[in-house]
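Report on the following structure.
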Amino acid sequence: MSEAEVDFSQVDHKLEQLYPQMEKHLLQLLSYPSVEAPSAGTGAPFGQAVADALSYCLELAESLGLPTTNADGYLGTADMRGSSPELVGVLSHLDVVPANANDWQTPPFSPQVRDGRIYGRGALDDKGPLIASLYAGIALRDTINHPLTKTVRFMFGCNEESGFGCLKYYLQHHQPPSIGFSPDAEFPLISGEKGICHFVLSSSWQSVQGAPLQICQITAGSAINIVPDRAEAVLELNGAELPDAAPQISLTREGNLLHIKATGKAAHASTPEEGDNALARLLAFLAQLPLEPSGASYYIRTLARLFADSCFGASLGVASEDEVSCLTVIPSVLALDAKGGTLRCDMRFPVTHTGDSYQQQLSSLAAQYQMQLQILELQEPMYAGTDNPVAKKLLQAYRDYTGDLSEPLVIGGGTYAKALPGFLAFGPEFAHTPKLCHQANEYITQKDLLDAAKIYSRAIYALAR
Ligand SMILES: [Zn+2]
């Protein structure tokens, strides 16, 4: 069967006809508060709401004529059978990040359509694209009226947001498709995802007493992958003069105690330049105080020097880049008391590099400054060069529909595609889409939902024909 035999204007028309039904099903799916929760027993490893969202989704797929499977509540599948058993995967997810209802104009799990926008937690990440890609397959099937060559397996993960437990479980028990896409990022295509290294630099010391400006405690940061927007230190004055405040540093005296608060701006660790690191600011401020020599002051001064560049690793000595990506590294979470300190850091390295060289650089750095290094997580990068056949087909599907010739993107990393060889992250966000993933008042526009479905139908055809 040749390309010319599929008239995509007919597939598009079919999708327009199906749109009201597609939107109705998306609104129903959005009403499940499928945030990860403790296991609710067999078949619900990530809590009852996630399991219910999966059941809903599988019933929907069955009603559309697709046979389904449920891998014990970790991941569900729905197959659009082709003439061969060879598989193409479309991997999306049903779990969502928590939503603080106070920050939302309308309740996050009572989805609403306003001004052409579908509001609800998960509208963009990732229930909207899940429904769009599913209907893209259905519209294609119902228009061409014969099976594609390959079987298209829609895969609904249940734990993308917190550790990929769904995919890990599925891969232990099933053979995954060898090619496919994950509609869980941006158009035109994500061709590379940086490597990720989460590490800890810690030190311990003998507690001293009575020294002027003695550091008692520091707390900063909430998560390793977030640029901290607040950092606080408590010092004992012990007769020292009150230091001068500085921009975005406030000082409060309480008897012999001095409270120092630094503020900044939060951002995701993959784009630290969009934030302003309060912890780096606090470290720099503390380092210039006349602190007595001690384990704590040595640790603080070392960290202040190493993270003077709080985005790109220049002061840490690990700055690097390749043709398409550059390294980022941030100090994210610091806990320090009278006996020791622990700093957690998030590093993202270029897509053509490997993790071991960075691991070595970090170990020698830790040894040089008498700190302990612990690697919490090391994910190698993923990069599909311009010759990658899946990348070519996906990019062409986007370009055919939009006429936009923008080049593929390389991101800080972390989508499903990195964990599944042969898969690439593809849409649903367009260049014009506001960055609302994980934010309050998340929405997808009706137009973008339909446009994404039209692009996905071209992509599914190109991979499965
Ligand atoms: Zn997602």
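The values are calculated or read from the model by the stated rules, or taken from the named source; none is laboratory data. These figures come from a predicted structure and were not determined experimentally. We place every Cβ from the backbone using ideal geometry, glycine too, and count neighbours over all the protein chains shown.
Could you figure out which of (1) over 28 Å from GLU86 (Cα atoms); (2) assigned to a loop (DSSP other than H, G, I, E, B); (3) within 19 Å of the chain's Cα centre (by Cα) isn't true of GLU407?
Against the list (1) over 28 Å from GLU86 (Cα atoms); (2) assigned to a loop (DSSP other than H, G, I, E, B); (3) within 19 Å of the chain's Cα centre (by Cα), GLU407 comes up short only on (3).
Hey, does the stretch 199-215 have a residue that's crowded, with 17+ Cβ neighbours inside 10 Å, farther than 18 Å from SER294 by Cβ and free of Cβ contacts under 8 Å to residues at least 40 places away in the same chain?
No, that holds for no residue.
Identify, from the list ARG253, ARG348, the residue that is touching a Gly at 6+ places or on another chain (Cβ under 6 Å), part of a strand (DSSP E or B) and not polar (S, T, N, Q).
Unique residue meeting the criteria: ARG348.
Is there any pair with a first residue in the stretch 146-169 that is under 17 Å from ALA53 (Cβ atoms) and a second that is of a type in the set (S, T, N, Q) and within 12 Å of the ligand (Cβ to nearest atom) whose Cβ atoms are under 6 Å apart and which are 6 or more apart or on different chains, and what are they?
What qualifies is GLY165/ASN159; CYS166/ASN159.
Could you tell me whether the stretch 175-186 includes any residue that is of a type outside the set (D, E, K, R), assigned to a helix (DSSP H, G or I), within 16 Å of the ligand (Cβ to nearest atom) and surrounded by 14 or more Cβ atoms within 10 Å (Cβ to Cβ)? Full working, then the answer.
Initial filter on the stretch 175-186 (of a type outside the set (D, E, K, R)): 175-183, 185.
Retained after the next criterion (residues that are assigned to a helix (DSSP H, G or I)): none.
No, because not a single residue in the stretch 175-186 is of a type outside the set (D, E, K, R), assigned to a helix (DSSP H, G or I), within 16 Å of the ligand (Cβ to nearest atom) and surrounded by 14 or more Cβ atoms within 10 Å (Cβ to Cβ).
Looking only at the stretch 22-54, count every residue that is under 19 Å from ALA453 (Cα atoms) and without any contact (Cβ under 8 Å) to a residue 40 or more places away in the chain and tell me the total. Steps first, answer last, please.
Filtering the stretch 22-54 for residues under 19 Å from ALA453 (Cα atoms) gives 22-30.
Imposing the further condition that a residue be without any contact (Cβ under 8 Å) to a residue 40 or more places away in the chain reduces the set to 24, 28.
Total satisfying the criteria: 2.
Among the residues that make up the stretch 82-104, is at least one of them within 16 Å of the ligand (Cβ to nearest atom), polar (S, T, N, Q) and touching a Leu at 6+ places or on another chain (Cβ under 7 Å)?
Within the stretch 82-104, one or more residues are within 16 Å of the ligand (Cβ to nearest atom), polar (S, T, N, Q) and touching a Leu at 6+ places or on another chain (Cβ under 7 Å).
Output the number of residues of the stretch 286-310 satisfying the condition of being more than 15 Å from SER203 (Cα to Cα), surrounded by 23 or more Cβ atoms within 10 Å (Cβ to Cβ) and either modelled with pLDDT under 95 or of a type outside the set (S, T, N, Q) (or both).
Of the residues in that region, 2 qualify.
Name the residue, out of GLU241, GLU273, that is assigned to a loop (DSSP other than H, G, I, E, B) and out of contact with any Gly (no Cβ under 8 Å at 6 or more places or on another chain).
None of the others qualify; the one that does is GLU241.
Kindly state which strands (runs of 3 or more DSSP E) lie completely within the stretch 1-105 and contain at least 1 residues that are among the charged types (D, E, K, R), within 20 Å of PRO129 (Cβ to Cβ) and in the same structural domain as ILE460 (by TED's automatic domain parsing).
Ranges flagged: 75-80.
Out of the residues in the stretch 118-169 that are in a strand (DSSP E or B) and under 30 Å from GLU5 (Cα atoms), state the one that is nearest to the ligand (Cβ to nearest atom).
It comes out as MET155.
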